[in-house]
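Every read-out reported here was derived from the displayed coordinates using simple, explicitly stated rules and does not represent laboratory data. Everything numeric in this text was worked out from a predicted model, so none of it was measured. Positions of Cβ are backbone-derived with ideal geometry, glycine not excepted, and every protein chain shown enters the neighbour counts.
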Amino acid sequence: MSAPNGLRAPTAADFRARHRGGGLFTETVNQRLASYVCVVAHRIGAPPTALTLLNLGLGLGASIGVAALAPRMAAGGVPPVVAGLGALLLWQVAYTLDCADGQLARVTGRTSPAGARVDVLCDVALQISLVAAVSAVAAAYHPVPVWLVAAFAGTWMVNLVTSVMAQGAAAQSLVTSRSPLVRAVKLVRDYGAVVTVLALAIAFVPRWTIWVLVAFTLVNGLFLVASIAAAAQASLAAPPATAPAAPARQRPARTPAPPAGG
């Protein structure tokens, strides 16, 4: 199929070749689905930011819905499976759109600092809403210490911060191996896999959600400590930067002496 200007329209494979990874689950599911979303978006002329904002709307809607239904779930008025599976669907669609906006922007040459800012700000809003939704479910079934919610929320944002820091020349991974075992272990920090676990816990074992908070707080907290240690070690081992040499001072030109009088 050709584009209106006579050039070949990009295919799903073209979009998929420009994704930025994200982990085993994300690459296998979300990035792949995102490439097909990009084909449709490109065909109808949708800008990348439109996908970003649609991602924000769906993700916020799912999280607000879960938080609002949490008390009724605990009281038996709403089946947890309905809320959990509904959130699973919306969170996954939203995350797929989040993967798609970057693919679309890179392939079509529509990347921009403004678009990147919108993407990061929407990610922040979605992470806050997700943390609030999961905490609301946990609190609806058990008294949850305030410190645990604060620790869960704070360490959860490590995922977003490290994701932003992983872009550009300073990008670095603690474990660079891509062996199947290592990639399976990394699923604990793969956002696509993580939201699946959270949604399934809400759907089928909502009373255990408090232990989900504990588990992710420990995982993200340990990752933060390991990241600090690795960054500090790399910084201390780096050779000192050579200061640029000061420019040589130019001597002022001598004024020629006037000729002697006759």
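When you count the other C-beta atoms within 10 angstrom of each residue and take the mean per peptide, 111-119, 55-63 line up highest first as 55-63, 111-119. The calculated FRET efficiency for A68 paired with V120, based on their beta-carbon distance and R0 = 25 Å, is about 0.40. Legend: calculated FRET efficiency, V225 to A132, from the Cβ-Cβ distance at R0 = 35 Å, rounded to 0.05, equals 0.90. The three principal axes of the Cα atoms in segment 36-165 give end-to-end lengths of 50, 30, 16 Å, sorted in falling order.
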